[in-house]
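Visitor: A single structure is presented below for examination.
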């Protein structure tokens, strides 16, 4: 089965049904959006990268909505964070 709903909507629907300890952290949506729609930039030719996502303000100006240095440590933390959220869903579906 496939749903074309955005991730935030899917998480909201899941969280309404999940036990409190199995609710998915909605802040994972910000990470997903930054990875899917952001830009990776480097100030020079080094291996120093930044992930940035912009948004258009009502005034028409562009604002930075996400900015993060992409260090190896940060990436490892985000992978572990996502794996923990996925385990909540997997474990919740296994007990039903």
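The values are calculated or read from the model by the stated rules, or taken from the named source; none is laboratory data. Computed from a predicted structure; not experimentally measured. We place every Cβ from the backbone using ideal geometry, glycine too, and count neighbours over all the protein chains shown.
Visitor: Which of the residues spanning region 1-22 are in contact with a helix residue (DSSP H, G or I) (Cβ under 9 Å, 6 or more places away or on another chain) and within 24 Å of residue 66 (Cα to Cα)?
Guide: Scanning region 1-22 gives 5, 6, 7, 8, 11.
Visitor: Just the residues that are over 24 Å from residue 6 (Cβ atoms) and modelled with pLDDT of 90 or more, please, taken from region 43-63.
Guide: 49, 50
Visitor: Pairs, please: C-beta under 7 Å, at least 6 apart or cross-chain, first residue at negative phi and modelled with pLDDT under 90 and in region 74-96, second in a helix (DSSP H, G or I) and surrounded by 12 or more Cβ atoms within 10 Å (Cβ to Cβ)?
Guide: 91/22; 92/22
Visitor: Of the residues that sit in region 4-24 and are surrounded by 14 or more Cβ atoms within 10 Å (Cβ to Cβ) and in contact (Cβ under 8 Å) with a residue 24 or more places away in the chain, which one is farthest from residue 91 (Cα to Cα)?
Guide: Only one residue tops the list, namely 7.
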